[in-house]
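Read the structure below first, then the notes.
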Amino acid sequence: MTEDQYEYIKQYSHTAQIANTLRLSRYFLTSILIVCLYIFCIYQIYFHTETSIFNIWFIGTEIIVSLFWLVSTVYFKPGQYQLTAAHRWLQLQCFIVGCLIASGIYILFYHLPQINLHFEQIHALTLSALLLIVSQSFSLTYLTQKLNYFCLTFLPSIVPYLFAQFIFIGESNHLFSLAINFGLIVILLCATTSYRINNRLSSAYARNKLLTKHAEQQVEWADDLCKQLQNEISHSKDIEQQLQLNNQLLEQKVRERTFDIEQMNKNLENQQENLILAHEIAGLRPWDWNIKDRKIWLTNHKHEKLIRDSKQHRIQLQSMIHPDDLDHFKNTMKTHLRGETDRYEVNYRIQNTSGKWSWVHDIGRVVERDSTNNKALRMVGIRRDIQKERLSQERIKLAASVLEQAAEGIFILDDELCYIDVNPYYEKLTGFKSQQILGKHLFDITANNKSQQRSAHYSVIKQLMNMNEFDGELTEKFLSGKELTLWMHINAITDEDHKVTHYIGIVSDLTERKLQEQRLSYLENYDTLTDLPNRFYYNFQLHKLLVTQRDSQLAIIRLNIDRFRPLNEYLSHNGGDELLRQVAQRLRLTNADALFMAHLNGDDFAIVHEISRIRPSIQGHCERIRKAFSQPFNIANQEHLITISMGVAFYPEHGRQLDYLNNCAEQALTEAKTLGGNTTRYYSSENTALLEQGIFLERDLRKAIQNNELMVYYQPKINFHDKNVCGFEALVRWNHPEKGIISPALFIPLAEQTSLISDIGRIVIQQTAKQIKQWQELGFNNICVSVNIVAQQLRRGQLLEVLDDAIQKNQISGSNLELEITESSLLENSDEIKNTLNEIKQRNIHISLDDFGTGYSSLSYLADFPIDILKIDRSFVSKIGQDKQTAIISAMIAMGKAMGMTVVAEGIETEQQMQYLQDLNCDIAQGYLFSKPLPEQEATQYLEQNTQSATYSY
Ligand code: C2E
Ligand code: MG
Ligand code: MG
């Protein structure tokens, strides 16, 4: 037994003894009450005396014992008391009860025999012994749980007897004392024994209790253990189930994993194939170099895997590498193998089987090193043929440098028309740096405040969206302040789906060209001599005016300097120019309010005025001009007086068309000139023959030439002597498809101002030569046909070619041809014309001076030029009969004869005229009297009818 258990048993016995004694003491007290009552009753019954002391004892004892009982019952309820208090209480209770018993014995044994005589010693002995023995028996029964409770009752109780034995030795009953003493000793021994028994019992009980408790605890523990075990079992079951589930899941996972791995393997195989394919396509050739084993796995150009000895491979590779690249290759490889670089990367050239050098890109990395000495053990890499890349890079560089160097602005836009790149020239053009442009919209760098500008931009964008390209001229003001005229060409770049990805624009600066164009346009449109618009610009402006100012009234004044040509010759070239300048200036000053004025050519000017009530009348204008010219011009310090002729036509009275109005004004001018100049003529509708028919010369005449509408009529020439037809004058006619035959008088003057006159001349000569040939074929060998020529034809120099060509083609002789030249053609008197005429003469072609007497009639021409024939103008012939005129004609004929010329009179209409001329010995007659100009066939008929023999010759 452990110390703790021993202590527990001891404590438990002590507690149990007190508790048992408390419980048993109530019986003990009850027994004492009953014993006392019993003795009191016996005494009262048998001895019947009033003894107050006995009564007091009895009542006192009864009360005290009852109080003890009450307190033990009420106050010390089981389990509700303090152990020490109960122990003290029981000790007190036992001792007092002992004392009460002792006092009772004393009263019974000593006091009552003295006061009650009936009550004898034996009675006293009996009753006191009864009280002692009975009370002690009850003590023995109920108070032996603890020996000290018993002793506390027992020892006071026996005090009266012990006293009696010693004090009353003589009187006491020895036997009784011996018996009592023995009895008391027995009781004491019994008490001791009882105590021991009780003590053991309570110890055994305590031990039992302890054992029970222990056993209960063991049972509890066993229960707990069982529970725990059950829990453990169920937990184990759960775990087992979980394990089974996990196992199933694991199996499932393993299956899935296996499937995944199989898939991955398949994918890997596919990827491997793809990788090989990708390598093939990308031209990548992987290599794997096991440095330790000196083996290298390579892919050759056919993408076959090879294993080679790395040393051999290195030697072979180095022999293939371009010598210039070899060192770089070796160094790069070494530094990487030493671990000084992250990776090995080098470009070098290798020689292929055909001996050509080709660039390759070799890249690799050491993937395994010796951990002890950091020596490379394995290296992998890829070699790639970059020859094409190099070439395209070079091409890109070239393209980039083209972009950089281009002398045109180039820009690249994204699909939203925002700049993503511009070249330096574009920066220069716009005045912006590229950083300022990039990211901005195409027209964000230009000033867009004008609506015109905005609409131009809008149309560019619209065209780009619709057509994917724009090509056009733009005048842009950039926000940098630069203002340029640009030619912009923008093209869309599309991807495979035809979706626009970019736009590329090329911009040329047209500003300088524009200025040049303006300069050129000035030269084209202006006469540099007078700074006035030229004929072209005049026509253009007039046309514009007629179109835009339909409701206005205009006056077109054509001006010409009278007798300018001789004056020009006199003044020499510079003087003539100076005169024209001064004339232009004077016209400018006097016509400040004119709509515009022009210098058409030579000495021809034109002024256009608007007619309105608030402006001076046109007569007023013309008069002012005429007056302005009354002042002399100072040329080279010499004063010259010149006069001008003016012809005026009005819009819209005289026509609404440009040509028409020009013709009208020109005709009026011609009229003014024919009137002797220094005058103004207003166009009158009498002259409108051609124009009124709606024929606009230049345009329609060109068409007429192309359409062979020009015909040649032939007017016979009659020999005065034998009246035979000696020849014809070829006179051109315009056989208009709608208007019929048109007279040359209507179109020749205008044709003379253009190159058309040469074309007309060529046609007439060719047709004439053809006709001569035909007549020759008919037997009229000596027919001579004259063709009218103007000065321009002589000057242009093609005339000789045309003549030669006609003569050759038709195999006729030059002597069959005659050229009629007017006096005005000879006015220039230039060597050029003289030479041409001489050339003509060398071909035996006759030259006649037409319309003699109407022009300047300078006799010097007759001497200077090789003229054979003099044609007296119709105006003189028609006046035959008038004295003075007749004199002139006869003088003319005489002069011609004197100079050895043949004299022809044209326009003979009457017999009188013919007779008169014949009398004057005129050689050849021409006029309606004989025949009007006739078409080919009729002329041939006429010839046949009026020729006996072809004998005419000059
Ligand atoms: P021209 O050279 O003085 O021609 C004579 C003109 O007088 C012709 O007019 C002719 O028909 C006309 N005529 C002849 N006899 C008479 C007559 O008795 N009475 C009247 N009233 N007139 C007569 P046409 O054919 O109308 O030619 C006019 C002018 O046109 C020509 O004057 C000539 O200068 C020019 N011309 C005609 N054909 C050509 C040509 O092929 N080349 C050139 N450069 N000028 C031509
Ligand atoms: Mg003529
Ligand atoms: Mg004539």
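The values are calculated or read from the model by the stated rules, or taken from the named source; none is laboratory data. Everything numeric here is computed off the predicted structure, so don't read it as measured data. Ideal geometry is used to build each Cβ from the backbone, glycine not excepted, and the neighbour counts take in all protein chains shown.
With a cut-off of at least 3 residues that are over 22 Å from residue 914 (Cα atoms) and either away from ligand 3 (no atom under 16 Å from the Cβ) or among the acidic types (Asp, Glu) (or both), name the helices (runs of 4 or more DSSP H) lying wholly within the stretch 844-904.
On the way: elements: 859-864, 874-877, 883-898.
Counting at least 3 such residues, we get 859-864.
Results for (1) among the polar types (S, T, N, Q); (2) touching a residue at least 12 places away in the same chain (Cβ under 8 Å), shown as yes or no for each residue.
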{"site": "296", "(1), (2)": "no, yes"}
{"site": "309", "(1), (2)": "no, yes"}
{"site": "338", "(1), (2)": "no, no"}
{"site": "353", "(1), (2)": "yes, no"}
{"site": "356", "(1), (2)": "no, no"}
{"site": "373", "(1), (2)": "yes, no"}
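When only residues in the stretch 905-915 that are outside any loop (DSSP other than H, G, I, E, B) and either of a type in the set (A, V, I, L, M) or in contact with a His (Cβ under 8 Å, 6 or more places away or on another chain) (or both) count, which is farthest from ligand 3 (Cβ to nearest atom)?
From the stretch 905-915, those outside any loop (DSSP other than H, G, I, E, B) are 905-906, 911-915; that's our starting set.
From what is left, the residues that are either of a type in the set (A, V, I, L, M) or in contact with a His (Cβ under 8 Å, 6 or more places away or on another chain) (or both) are 905, 914.
Values: 905: 10, 914: 17 Å.
Going through the qualifying residues, I end up with 914.
Which residues, counting only those in the stretch 764-815, are on the phi > 0 side of the Ramachandran plot and in a helix (DSSP H, G or I)? Can you show your working first?
From the stretch 764-815, those on the phi > 0 side of the Ramachandran plot are 779, 797, 811; that's our starting set.
None - no residue of the stretch 764-815 is on the phi > 0 side of the Ramachandran plot and in a helix (DSSP H, G or I), so the list stays empty.
Do we have residue 519 as touching a residue at least 24 places away in the same chain (Cβ under 8 Å) and among the basic types (Lys, Arg) here? If you could, list the steps in order and put the result at the bottom.
Details: touching a residue at least 24 places away in the same chain (Cβ under 8 Å): no; among the basic types (Lys, Arg): yes.
Judged against the criteria, residue 519 is not a match.
Could you tell me which residue of the stretch 916-929 is surrounded by the fewest Cβ atoms within 10 Å (Cβ to Cβ), considering only residues that are of a type in the set (A, V, I, L, M, F, W, C) and either farther than 19 Å from residue 714 by Cβ or away from ligand 3 (no atom under 15 Å from the Cβ) (or both)?
So in the stretch 916-929, the residues of a type in the set (A, V, I, L, M, F, W, C) come out as 917, 920, 922, 924-925, 929.
From the residues that got through so far, the ones that are either farther than 19 Å from residue 714 by Cβ or away from ligand 3 (no atom under 15 Å from the Cβ) (or both) too are 917, 920, 922, 929.
Numbers: 917: 25, 920: 20, 922: 25, 929: 15.
Applying the filter and picking the extreme gives 929.
Do the conditions hold for residue 920, that is, is it within 16 Å of ligand 2 (Cβ to nearest atom) and either charged (D, E, K, R) or within 22 Å of residue 820 (Cβ to Cβ) (or both)?
Numbers: within 16 Å of ligand 2 (Cβ to nearest atom): no; either charged (D, E, K, R) or within 22 Å of residue 820 (Cβ to Cβ) (or both): yes.
Taking the combined requirement at face value, the residue does not satisfy it.
Quick check on this structure: which one of 669, 661, 641 is assigned by TED's automatic domain parsing to the domain that holds residue 594 and free of Cβ contacts under 8 Å to residues at least 60 places away in the same chain? Quick ask: steps written out before the conclusion?
Numbers: 669 fails: free of Cβ contacts under 8 Å to residues at least 60 places away in the same chain; 661 fails: free of Cβ contacts under 8 Å to residues at least 60 places away in the same chain.
Step by step, each of 669, 661, 641 is checked, and only 641 is assigned by TED's automatic domain parsing to the domain that holds residue 594 and free of Cβ contacts under 8 Å to residues at least 60 places away in the same chain.
Confirm whether residue 868 is touching a strand residue (DSSP E or B) at 6+ places or on another chain (Cβ under 8 Å) and within 12 Å of ligand 1 (Cβ to nearest atom).
Criteria not met by residue 868.
Yes/no matrix, rows are residues, columns are (1) surrounded by fewer than 23 Cβ atoms within 10 Å (Cβ to Cβ); (2) assigned to a helix (DSSP H, G or I); (3) away from ligand 1 (no atom under 13 Å from the Cβ):
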site: 722; (1), (2), (3): yes, no, yes
site: 734; (1), (2), (3): no, no, no
site: 746; (1), (2), (3): yes, yes, no
site: 760; (1), (2), (3): no, yes, no
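So, of the residues in the stretch 731-788 that are within 16 Å of ligand 3 (Cβ to nearest atom), modelled with pLDDT of 90 or more and of a type in the set (A, V, I, L, M), which turns out to be farthest from residue 907 (Cα to Cα)?
So the residue we want is 764.
Residue 810 versus (1) away from ligand 1 (no atom under 16 Å from the Cβ); (2) modelled with pLDDT of 85 or more; (3) out of contact with any Lys or Arg (no Cβ under 8 Å at 6 or more places or on another chain); (4) farther than 24 Å from residue 898 by Cβ: which is the lone unmet condition?
Condition (3) is where residue 810 drops out.
Is the stretch 698-713 home to any residue that is at pLDDT 85 or above, within 16 Å of ligand 2 (Cβ to nearest atom) and closer than 27 Å to residue 938 by Cα?
Yes; the residues of the stretch 698-713 include at least one that is at pLDDT 85 or above, within 16 Å of ligand 2 (Cβ to nearest atom) and closer than 27 Å to residue 938 by Cα.
Please verify whether the stretch 34-55 includes one or more residues that are part of a helix (DSSP H, G or I) and among the charged types (D, E, K, R).
No; the residues of the stretch 34-55 include none that is part of a helix (DSSP H, G or I) and among the charged types (D, E, K, R).
Looking for something away from ligand 3 (no atom under 16 Å from the Cβ), in the same structural domain as residue 940 (by TED's automatic domain parsing) and in contact with a strand residue (DSSP E or B) (Cβ under 8 Å, 6 or more places away or on another chain) - is there at least one such residue anywhere in the stretch 818-827? Let's see the steps before the verdict.
From the stretch 818-827, those away from ligand 3 (no atom under 16 Å from the Cβ) are 827; that's our starting set.
Filter again for in the same structural domain as residue 940 (by TED's automatic domain parsing), leaving 827.
Filter once more, so that each one left must be in contact with a strand residue (DSSP E or B) (Cβ under 8 Å, 6 or more places away or on another chain): none.
Scanning the stretch 818-827 turns up no residue that is away from ligand 3 (no atom under 16 Å from the Cβ), in the same structural domain as residue 940 (by TED's automatic domain parsing) and in contact with a strand residue (DSSP E or B) (Cβ under 8 Å, 6 or more places away or on another chain).
Please state which one of 819, 826 is in contact with a His (Cβ under 8 Å, 6 or more places away or on another chain) and crowded, with 22+ Cβ neighbours inside 10 Å.
On the way: 826 fails: in contact with a His (Cβ under 8 Å, 6 or more places away or on another chain).
Result of the check over 819, 826: 819.
Going by what's in this entry, would residue 836 be described as among the polar types (S, T, N, Q) and either within 11 Å of ligand 3 (Cβ to nearest atom) or not assigned by TED's automatic domain parsing to the domain that holds residue 888 (or both)? Reasoning before the result, please.
Numbers: among the polar types (S, T, N, Q): yes; either within 11 Å of ligand 3 (Cβ to nearest atom) or not assigned by TED's automatic domain parsing to the domain that holds residue 888 (or both): no.
No.
For the subset of the stretch 340-351 comprising residues that are in contact with an Asp or Glu (Cβ under 9 Å, 6 or more places away or on another chain) and touching a residue at least 24 places away in the same chain (Cβ under 8 Å), which member is farthest from residue 392 (Cα to Cα)? First the steps, then the outcome.
Initial filter on the stretch 340-351 (in contact with an Asp or Glu (Cβ under 9 Å, 6 or more places away or on another chain)): 344-350.
With the extra rule that they be touching a residue at least 24 places away in the same chain (Cβ under 8 Å), the set shrinks to 344, 347-350.
Working: 344: 24, 347: 16, 348: 17, 349: 16, 350: 19 Å.
If we take residues in the stretch 340-351 being in contact with an Asp or Glu (Cβ under 9 Å, 6 or more places away or on another chain) and touching a residue at least 24 places away in the same chain (Cβ under 8 Å), then 344 is farthest from residue 392 (Cα to Cα).
Quick one: which strands (runs of 3 or more DSSP E) lie wholly within the stretch 360-445 and hold at least 2 residues that are within 20 Å of residue 491 (Cα to Cα) and touching an Asp or Glu at 6+ places or on another chain (Cβ under 9 Å)?
On the way: elements: 376-385, 409-414, 419-422.
Answer list for the stretch 360-445: 409-414, 419-422.
Does residue 835 fit the bill of being more than 26 Å from residue 726 (Cα to Cα) and more than 14 Å from ligand 1 (Cβ to nearest atom)? Lay out the reasoning, then the answer.
Values: more than 26 Å from residue 726 (Cα to Cα): yes; more than 14 Å from ligand 1 (Cβ to nearest atom): yes.
Criteria met by residue 835.
Would you pick out the residues in the stretch 677-697 that are surrounded by fewer than 19 Cβ atoms within 10 Å (Cβ to Cβ) and at pLDDT 75 or above?
Hits for the stretch 677-697 are 677, 678, 679.
Do we have any residue at all in the stretch 49-56 that's in contact with a Pro (Cβ under 7 Å, 6 or more places away or on another chain) and at negative phi?
Narrowing the stretch 49-56 to residues in contact with a Pro (Cβ under 7 Å, 6 or more places away or on another chain): none.
The answer is no; no qualifying residue exists.
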